[in-house]
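Chemist: One structure, pasted below without further comment.
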Number of protein chains: 2
Amino acid sequence: MKDATQPPETIRWTADGGGLVILDQTRLPDDRIELELRSVEDIEEAICSLRVRGAPLIGITAALGVAALAHQFAVRSQSEPRVPDGPAAAANLQTEVQSWCERLTRARPTAVNLAWALERMLSTARKQPVGTARELAESLRREADEIHAEDRRMCRRIGEHAVQLLRDGGSVLTHCNAGSLATGGIGTALAPVYVAAERGLRVRVFADETRPLLQGSRLTAWELGQAGIDVTVLTDGAAAMLMSEDPPDMVLVGSDRIAANGDVANKVGTFAVALAAHHHSVPFYVLAPTTTVDLNTPDGKHIPIEHRAPDEVRAGFGKLTAPPDVDVWSPAFDVTPASLIDGIVTEQGIHRPPYETSLRAAVEEARRA
Amino acid sequence: MKDATQPPETIRWTADGGGLVILDQTRLPDDRIELELRSVEDIEEAICSLRVRGAPLIGITAALGVAALAHQFAVRSQSEPRVPDGPAAAANLQTEVQSWCERLTRARPTAVNLAWALERMLSTARKQPVGTARELAESLRREADEIHAEDRRMCRRIGEHAVQLLRDGGSVLTHCNAGSLATGGIGTALAPVYVAAERGLRVRVFADETRPLLQGSRLTAWELGQAGIDVTVLTDGAAAMLMSEDPPDMVLVGSDRIAANGDVANKVGTFAVALAAHHHSVPFYVLAPTTTVDLNTPDGKHIPIEHRAPDEVRAGFGKLTAPPDVDVWSPAFDVTPASLIDGIVTEQGIHRPPYETSLRAAVEEARRA
């Protein structure tokens, strides 16, 4: 995996530490465009427009973003002779951090990782002893780097647990993109595929194109192709037919939020894939870090579902594909009931029903670790 | 329905009777472009490229096309003094008709209506007593007009049977386009919606966009909007979520071929909708003329399924939406098993399981009529 064909980094610091460089995922696979984000507006826009997307990656982006903004604040405090850096400046920065976190938390409502990462940044800001803005900014940077590094480790561990489910010469179906482009590491749903490839197993991936924003055909197909993994794209509606004609060994998907009972919010279309898998007795697995598990959400009915703008469906390719004023119903996510899910894989292992028990144990174990 | 907002005619004769004028459905909803077809190559290309599509309409197009070509042949015979029109010219035309029918039958393999309509044209050509090419061409024109008129009547009767299933203020979900653009009349799946509108019932239609060629968002949404019927577009993957959140009263779809046991081939994605409907106890109905029932095909496994070109998925909007060389699996149709279908509506009535019996009775009744 560590060769020239690996997908480029999804996110990194600017050289001065006061901004982020992201790969604009809305431009793939045509163009590899990097964008610099230097304001809270930039970060918010990048998240809302899905320039960065994937539940883990938007958490990382928000955390790194807050740290970059804090760095800018500290630099300004240093260069402002009338207001020397000290406890007053640090307190002002704390207030700023709170406002940035509140704003970014609202950028997308469904993925719990965003709120979770920002909660960690806010908590870091609050528990900082009275010092300077510079010290606070440095703490925030360390925390953001730690969130990023933890995500990388969690991806790796998810891959190592789930690779046991795969076989040489086998095939899997995935929906949307829960790969390296969605995380800080080797992905969640795709992590076992990358680990299998490292170990010399050949695994074929079927990638649903994933309307309306085509994360499957644009991103999953691209990153797997870059890594030399065999990938075939199909339309979302064709997945049920595939399971009749040439059933994959299993379905592997990521998640934006997992309720305490094991109901899973993921990209719209996932529920239909789960129904088709269930009908054909194809095992259906969800792969996500324990940070995606929200024990405060009892079940899927309580997960807030983001709806997207009509023109993503009516004219999503720069071309009118529907009457320009037609009504559109466009939820970004759907909820797959726990009853259709054969297993949930986190960095703690492979969890089986009843999920009320197994997920709670996994989350508690992760907290102790 | 007979007002200025009605969708334009899908097909008509040219003024001279030697060609067809079709609405190019690949250009909707942006442009209303009419094309003239004057050769067997033109007709074949229009069917293969889905400029005309919908199982009933491709049968009508092929039948009218053969008659138009026969008309041209007869005119040439009249104007060719060395070969006076007579039994020899008629026999030559019979041979030509056979060759046109064989060629056009191969244009698309799944819809049985195409083969059925061409079989009728061929049989007309064969049973013609020895006469002139002009007489034979006139018989073929009458037969083609009759196929077209029968289709219009069948659509109306399907609509009148199925309208009993609808209620004022209700809603239905449909997939692909089985409306007026797919037939010579008011459609099959959409026929009861048009009949309901004529009777003053308000019925809301949810239209799956239907990847890859977007017949739902481009065609169904457009023709219903033209007729003033409330329509909402959703992505194919969102249908299962809709059935959880705001379930429609029922699903209404068309078909390209119905096997003797009630298994139904229809546009890819239909099977997934049927699974979602079944999971949510939403009734699932298939609407098609008895000419779509193929008693010679015992079950869905025996229905030939057309596969489409990869670029319809990779670059279907004039824009690359996947890596340019990625593998694509793109069946045009899928098979919904009879066990997921609550009823099949033909011009003979609403048929219920066991379909082996009810469909056979309907087909026999249609033959007697």
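Chemist: For segment B:99-159, what ratio Rg/Rh do Cα atoms give with a Kirkwood hydrodynamic radius?
Modeler: 1.03
Chemist: Oh, and also: Along segment B:229-242, what does the Karplus equation 6.51 cos²θ - 1.76 cosθ + 1.60 (θ = phi - 60°) give for ³J(HN,Hα), rounded to whole Hz, x for Gly and Pro?
Modeler: Per residue, the Karplus-derived 3J(HN,Hα) values read 9, 5, 9, 10, 8, 9, 6, 4, x, 8, 4, 5, 5, 4 Hz.
Chemist: Using a Förster distance of 41 Å, how high is the FRET efficiency between residue B:153 and residue B:311, based on the Cβ-Cβ distance and rounded to 0.05?
Modeler: The value I calculate is 0.60.
Chemist: Tell me the mean residue ellipticity at 222 nm calculated for chain A from its helices only (DSSP H runs of n ≥ 4, each -39500 (n - 2.57), averaged over every residue, nearest 500).
Modeler: -12500 deg cm²/dmol
Chemist: Sorted from shortest, what are the nm distances separating the label point of residue A:280 from equivalent points in the other copies, each placed 7 Å from Cα along Cα to C-beta?
Modeler: Once sorted, the set of distances for residue A:280 reads 2.2 nm.
Chemist: Moving on. Using only alpha carbon pairs under 8 Å that are at least six residues apart, calculate the relative contact order of segment A:71-151 and give it in whole percent.
Modeler: Numbers: 68 pairs, mean separation 31.5, N = 81.
Relative contact order comes out at 39 percent.
Chemist: So, one more: Using a 1.4 Å probe on the protein chains only, how many percent of the accessible area of segment B:266-320 belongs to carbon and sulfur? Could you put the intermediate results ahead of the total?
Modeler: Values: 1010 of 1990 Å².
Carbon plus sulfur share of accessible area: 51 percent.
Chemist: Given springs between every Cα pair under 10 Å in a Gaussian network model of chain A, which of A:326, A:268, A:335 has the largest fluctuation?
Modeler: A:326
Chemist: Would you mind checking which residues have amide H under 5 Å from residue B:347's amide H? H placed 1.01 Å from N; only 5 or more apart, or other chain.
Modeler: B:290
Chemist: With the dipole of the protein assembly as shown worked out from charges on the C-beta (+1 for Lys and Arg, -1 for Asp and Glu) around the Cα centre, which of A:281, B:129, A:313 lies farthest toward the positive end?
Modeler: Going by the charge dipole, the pick is A:281.
Chemist: Roughly how tilted is helix A:55-78, in degrees to the nearest 10 and between 0 and 90, from the longest Cα axis of chain A?
Modeler: Here the helix axis deviates by roughly 10 degrees.
Chemist: Per the Kirkwood formula on distinct C-alpha pairs, the Rh of the protein assembly as shown is how many angstrom? Please list the in-between numbers first.
Modeler: Details: mean 1/r = 0.0360 Å⁻¹.
Evaluated over the protein assembly as shown, this radius sits at 27.8 Å.
Chemist: May I ask you to derive the relative contact order of chain A, considering only C-alpha pairs under 8 Å and at least 6 residues apart, and to give it as an integer percent?
Modeler: Relative contact order here is 15 percent.
Chemist: Taking the rotation that carries A onto B, look along its axis and tell me which residue of A has the beta carbon nearest to it, distance in whole angstrom.
Modeler: Chain A residue with minimal Cβ-axis distance: A:317, 2.
Chemist: Related question: List the residues of segment B:293-320 whose accessible area drops by at least 10 Å² when all protein chains are present, compared with their chain alone, using a 1.4 Å probe and counting only protein heavy atoms.
Modeler: Residues meeting the cut-off: B:305, B:313, B:317, B:319, B:320.
Chemist: Right, next: Select from A:186, B:163, B:212 the residue farthest towards the positive end of the dipole of the protein assembly as shown; place +1 on Cβ of Lys and Arg, -1 on Cβ of Asp and Glu, and compute about the Cα centre.
Modeler: B:163
Chemist: What ³J(HN,Hα) values, in whole Hz, does the Karplus curve 6.51 cos²θ - 1.76 cosθ + 1.60 give for segment B:352-369 when θ = phi - 60°, with x put for Gly and Pro?
Modeler: The phi angles translate into 10, x, x, 5, 3, 7, 5, 6, 4, 4, 5, 5, 5, 5, 5, 5, 5, 5 Hz.
Chemist: How large is the dipole of the protein assembly as shown about the Cα centre if only Lys and Arg carry +1 and Asp and Glu carry -1, each at its Cβ, rounded to the nearest 20 debye?
Modeler: Charge dipole of the protein assembly as shown: 340 debye, to the nearest 20.
Chemist: Moving on to the next point. Past the 28 Å Cα-Cα mark, which pairs from B:267/B:319; A:301/B:267; A:267/B:319; A:267/A:319?
Modeler: Numbers: B:267/B:319 23 Å; A:301/B:267 32 Å; A:267/B:319 23 Å; A:267/A:319 23 Å.
A:301/B:267, as the Cα separations exceed 28 Å there.
Chemist: Using a ≥ b ≥ c from the Cα gyration tensor of segment B:40-180 (square roots of the eigenvalues), is it rounded, prolate or oblate, where a/c under 1.5 gives rounded and otherwise the larger of a/b and b/c decides, a/b for prolate?
Modeler: Prolate is the answer for segment B:40-180, as a/c is 1.5 or above and a/b outweighs b/c.
Chemist: If you don't mind, another one. Ignoring ligands and nucleic acids, what accessible area does residue A:183 show with a 1.4 Å probe (Å², nearest 10)?
Modeler: 0 Å²
Chemist: Still on this structure, I have one more. Considering only C-alpha atoms, what is the centroid distance from segment B:216-276 to segment A:142-219, in Å?
Modeler: 32 Å
Chemist: Then there is this: In nm to one decimal, list the spacings between the residue A:230 label point and its equivalents in the other copies, with label points set 7 Å along Cα to Cβ, shortest first.
Modeler: Nearest to farthest, the other copies are at 5.0 nm.
Chemist: Let me ask another. What residues have an amide H closer than 5 Å to that of residue B:206, excluding those fewer than 5 places away on the same chain, when H is modeled at 1.01 Å from N in the peptide plane?
Modeler: Close amide H contacts, sequence-distant or interchain: B:172, B:173, B:174, B:232.
Chemist: Could you tell me the ratio Rg/Rh of segment B:242-327? Both radii from Cα atoms, Rh via Kirkwood.
Modeler: Reported Rg/Rh (Cα atoms, Kirkwood Rh): 1.08.
Chemist: Next up: For the interface of chains B and A, what total accessible area is buried with a 1.4 Å probe, rounded to the nearest 100 Å²? Show your work: numbers first, answer last.
Modeler: Working: alone 15520 and 15480 Å², together 27030 Å².
Summing both chains' loss of accessible area gives about 4000 Å².
Chemist: Here's another thing I want to ask about it. For segment B:142-156, take each phi angle, set θ = phi - 60°, evaluate the Karplus expression 6.51 cos²θ - 1.76 cosθ + 1.60, and give the result in whole Hz per residue in order, putting x for glycine and proline.
Modeler: These are the phi-based 3J(HN,Hα) values: 4, 5, 5, 4, 5, 4, 5, 5, 4, 4, 4, 5, 4, 4, 4 Hz.
Chemist: Solvent-accessible area per residue for chain B at a 1.4 Å probe radius, Å²?
Modeler: 37 Å²
Chemist: Still on this structure, I have one more. Select from segment A:253-274 all residues whose loss of accessible area on going from the chain by itself to the full protein assembly reaches 10 Å² or more (probe 1.4 Å).
Modeler: A:268, A:269, A:271, A:272
Chemist: Something else about it: Normalising by the residue count of segment A:134-265, find the relative contact order in percent from Cα pairs under 8 Å and 6+ residues apart.
Modeler: 25 percent
Chemist: For a test of the definition: using alpha carbon positions, the gyration tensor, and the 1.5 limit on a/c, classify segment B:186-341 as rounded, prolate or oblate.
Modeler: It is oblate, given that a/c is not under 1.5 and a/b is not larger than b/c.
Chemist: Indicate the gyration tensor shape class of segment A:144-212 (rounded, prolate or oblate), computed on the Cα atoms with a ≥ b ≥ c the square roots of the eigenvalues: a/c under 1.5 is rounded; otherwise a/b larger than b/c is prolate and the rest oblate.
Modeler: oblate
Chemist: Moving on to the next point. Taking a point 7 Å out from Cα toward Cβ as the label site, list the nm distances between residue B:356 and the same residue in every other copy, smallest first.
Modeler: 4.5
Chemist: Right, something else. Could you list which residues have their amide H under 5 Å from that of residue B:266, counting only those 5 or more apart in sequence or on another chain, with H placed in the peptide plane?
Modeler: B:256, B:334, B:336
Chemist: With every protein chain in place, what's the accessible area of residue B:285 (1.4 Å probe, Å², nearest 10)?
Modeler: Around 20 Å² of this residue is reachable by solvent.
The values are calculated or read from the model by the stated rules, or taken from the named source; none is laboratory data. Everything quoted here is computed from the prediction, not taken from an experiment. Note that we place each Cβ from the backbone using ideal geometry, even for glycine, and neighbour counts take in every protein chain shown. For accessibility, only protein heavy atoms count, side chains too; no ligands or nucleic acids. Shrake-Rupley method; radii C 1.70, N 1.55, O 1.52, S 1.80 Å.
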